[in-house]
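First comes the structure, then the notes that go with it.
The values are calculated or read from the model by the stated rules, or taken from the named source; none is laboratory data. All of these numbers come straight from a predicted model, not from anything done at the bench. Using ideal geometry, Cβ is built from the backbone for each residue, glycine included, and neighbour counts are taken over all protein chains shown. Protein only, heavy atoms only, side chains kept; ligands, DNA and RNA dropped before computing areas. Shrake-Rupley method; radii C 1.70, N 1.55, O 1.52, S 1.80 Å.
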Amino acid sequence: MDPVAVSLIVKAMYALGAAFAVGFGAVGPGTGMGLNAASAVEGMGRQPGTSSDLFRIMLIGQGATSTPPTFALVIAILLLFGMGDATYLVQGFAGLGAGISIGAASFASGLGSSLPASMACEAIARQPHLRRPFTTLMLVGQALSQTPLIFALLVSFLLIFLPASPDAGILQYVARISAGICMGFGSIGSSIGSGLAAELAIVGIRHHREPEKASGPITRTMLLGLAVAQSPSVFALVISFVLLLTI
Amino acid sequence: MGDITHVPTFVVELFGITLTVNYLTVFNTWAIMATLIVLAFIVRGRIKETPGPVQRVAELYISAMDNLTRETLETTSRAYFPLVATMFAFLLLCNWWGIIPGFEEPTKDLNTPLSLGLMGFFLTHTASIRAKGIGLYLKEYTHPFFIMAPLNVVGELAKVVSISFRLFGNIMGGAIIITVVSWMVYSVALPPFLYAFFGMFVGTVQAFVFTMLTITYIAVATK
């Protein structure tokens, strides 16, 4: 095929990938950060004395929730400006796959990691003296529910930077895009599930008779539960690797 | 930058079998083992009636690991305590190793987590056979119906895949993200924070998760 035409097609596919990454990827984090603000505002109404604490926790939680769309933005910018040469058709499919992977993961991860943050706001409004364990649990839960997102970012980077061979066939085109779909959609459930587990870990401490004693075992169980809930996304990562490296 | 998928290898012909060795992984693993052994000797040489700072840290670590094992394994905790304490120390050092300039995390290579995962797999199944006897052990595969046997076998194998790829994916992902982001910002300002997050925080949590999952599998299999 004519090299100019190939380059145009590849750049168009990069644009599609970037659009999906940020467009779809912004839905979850946007909703999630709104939920955080909602529960912070509600908490301030219930317990005006904790306003300054709640404001701080809301901002910290929203900051952590904005990691997924930042990752999506990085991939989108790489796709739009970072790639100088677009020589082979397979690069276009890989770029579209990278966009789908990070976009879907950012959608789910933003939604999932906002759940512990909003629950932390509500919990601090009700039991302000336990602000320290709630904040710790929130941060750990948020960081861990973003593990599938890190897998998706890894697959996106691999898709973008994996050297393209000139004699790639239709099978490789499909494999590149499938790796992105597999990782992106594989991370949705794990992200939201881990967010739920972290959210209910905070509820567990709230309802315990001796919260200081409960926070150790609850945090440990939460870590294990999150790790197991992320097994499906690990399987998606394995399949993505197989698709990327063997075909 | 173009080297993120490059793996340094060393090919040996041994008795007609071709072995491909990632020499960086081997070197880093040996360096970590040497560090742990030297640390152990330093601590052993300083054991006194009134503990100094080194001994206090070591005692803190040992008692924390002992509590953890006791809570999970109850009666058989003594037998598995050395494994748990060593595995956590080794994995922690492995995951933090990349912070030192010029070194690489051995856990970035799938072979390290996979071999530890396989070790855990064989340990779990021998412990299970020992605790229940071969008959009861085999019978458990037919729960709830005998038709489910293939699914149960796949489920057991999937545990190895998930436990080892989880560690590998996290560490490898962190390392690649650090490489790419450092390249994008010309190594200005951001990389130390990335090392703090992916190296220290994620590394600690993943070492803990790997160790805890291994003993939890053993605890479930022997009950």
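Mind listing whichever residues of segment A:118-143 are among the polar types (S, T, N, Q) and in contact with a Phe, Trp or Tyr (Cβ under 9 Å, 6 or more places away or on another chain)?
Once the filter is applied, which keeps residues that are among the polar types (S, T, N, Q) and in contact with a Phe, Trp or Tyr (Cβ under 9 Å, 6 or more places away or on another chain), segment A:118-143 yields only A:Gln127.
Counting only residues that are of a type in the set (Gly, Ala, Ser) and open to solvent by 10 Å² or more (accessible area, probe 1.4 Å), which one in segment B:184-218 is modelled with the highest pLDDT?
B:Ala196
Quickly run through segment B:187-223 and pick out the residues that are polar (S, T, N, Q) and closer than 20 Å to A:Thr221 by Cα.
Passing the criteria: B:Thr204, B:Gln206, B:Thr211, B:Thr214, B:Thr216, B:Thr222.
Does A:Leu137 satisfy being open to solvent by less than 20 Å² (accessible area, probe 1.4 Å) and within 24 Å of the chain's Cα centre (by Cα)?
Criteria met by A:Leu137.
Counting only residues that are over 12 Å from the mean Cα position of the chain (by Cα), in a helix (DSSP H, G or I) and of a type in the set (S, T, N, Q), how many does segment A:61-108 have?
Within segment A:61-108, residues that are over 12 Å from the mean Cα position of the chain (by Cα), in a helix (DSSP H, G or I) and of a type in the set (S, T, N, Q) number 2.
Just name the residue that is least open to solvent (accessible area, probe 1.4 Å) out of those in segment A:179-227 that are among the basic types (Lys, Arg) and assigned to a helix (DSSP H, G or I).
A:Arg206
For the list (1) within 14 Å of another protein chain (Cβ to nearest Cβ); (2) under 19 Å from the mean Cα position of the chain (by Cα), I need the number of the one condition that B:Asn67 fails.
Only one criterion in (1) within 14 Å of another protein chain (Cβ to nearest Cβ); (2) under 19 Å from the mean Cα position of the chain (by Cα) is unmet by B:Asn67, namely (2).
Being more than 14 Å from chain B (Cβ to nearest Cβ), open to solvent by less than 40 Å² (accessible area, probe 1.4 Å) and over 21 Å from A:Pro116 (Cα atoms) is the requirement here; does A:Leu237 meet it?
Spelling it out, it is not the case that A:Leu237 is more than 14 Å from chain B (Cβ to nearest Cβ), open to solvent by less than 40 Å² (accessible area, probe 1.4 Å) and over 21 Å from A:Pro116 (Cα atoms).
Answer with yes or no whether A:Thr136 is of a type in the set (Ser, Thr, Tyr) and not in a loop (DSSP other than H, G, I, E, B).
yes
Does A:Arg176 count as assigned to a helix (DSSP H, G or I), basic (Lys, Arg) and touching a residue at least 60 places away in the same chain (Cβ under 8 Å)?
When the stated conditions are applied, A:Arg176 passes them.
With respect to B:Thr72, determine if the residue is in contact with a helix residue (DSSP H, G or I) (Cβ under 6 Å, 6 or more places away or on another chain), within 14 Å of chain A (Cβ to nearest Cβ), in contact (Cβ under 8 Å) with a residue 12 or more places away in the chain and part of a helix (DSSP H, G or I).
yes
Give just the number: which of (1) in contact with a Gly (Cβ under 7 Å, 6 or more places away or on another chain); (2) part of a helix (DSSP H, G or I) does B:Glu104 not satisfy?
(2)
Specify which of the listed residues (B:Gly98, B:Gly52) is open to solvent by less than 80 Å² (accessible area, probe 1.4 Å), closer than 24 Å to B:Phe198 by Cβ and not charged (D, E, K, R).
B:Gly98
Just name the residue that is nearest to the other protein chains (Cβ to nearest Cβ) out of those in segment A:179-234 that are charged (D, E, K, R) and touching a residue at least 40 places away in the same chain (Cβ under 8 Å).
Once the filter is applied, the top-ranked residue is A:Glu212.
Being over 20 Å from the mean Cα position of the chain (by Cα) and among the polar types (S, T, N, Q) is the filter; apply it to segment A:30-59 and report the residue that is most open to solvent (accessible area, probe 1.4 Å).
A:Ser52
Hey, does segment B:212-222 have a residue that's in contact (Cβ under 8 Å) with a residue 12 or more places away in the chain, closer than 30 Å to A:Leu78 by Cβ and either touching a Ser or Thr at 6+ places or on another chain (Cβ under 8 Å) or at the interface with chain A (Cβ under 10 Å from one of its Cβ atoms) (or both)?
No, every residue in segment B:212-222 fails to be in contact (Cβ under 8 Å) with a residue 12 or more places away in the chain, closer than 30 Å to A:Leu78 by Cβ and either touching a Ser or Thr at 6+ places or on another chain (Cβ under 8 Å) or at the interface with chain A (Cβ under 10 Å from one of its Cβ atoms) (or both).
Looking only at segment B:164-223, filter to residues that are over 24 Å from A:Ala152 (Cβ atoms) and aliphatic (A, V, I, L, M); which one of those is nearest to the chain's Cα centre (by Cα)?
Here the residue is B:Met212.
Hey, A:Ala98 hits all of (1) within 14 Å of chain B (Cβ to nearest Cβ); (2) at pLDDT 90 or above; (3) open to solvent by 10 Å² or more (accessible area, probe 1.4 Å) but one; which does it fall short on?
(3)
Starting from residues that are touching a residue at least 60 places away in the same chain (Cβ under 8 Å) and open to solvent by 30 Å² or more (accessible area, probe 1.4 Å), keep the ones in segment A:154-171 and report whichever is farthest from the other protein chains (Cβ to nearest Cβ).
The residue in question is A:Leu171.
For segment B:109-162, what are the residues that are surrounded by fewer than 17 Cβ atoms within 10 Å (Cβ to Cβ) and not in a helix (DSSP H, G or I)?
Result: B:Gly133, B:His143, B:Pro144, B:Phe145.
If you go through segment B:4-44, how many residues are open to solvent by 70 Å² or more (accessible area, probe 1.4 Å) and either modelled with pLDDT of 85 or more or touching a Ser or Thr at 6+ places or on another chain (Cβ under 8 Å) (or both)?
Residues meeting the conditions: 14.
Which numbered condition trips up B:Ala175, out of (1) in a helix (DSSP H, G or I); (2) without any contact (Cβ under 8 Å) to a residue 24 or more places away in the chain; (3) within 14 Å of another protein chain (Cβ to nearest Cβ)?
(2)
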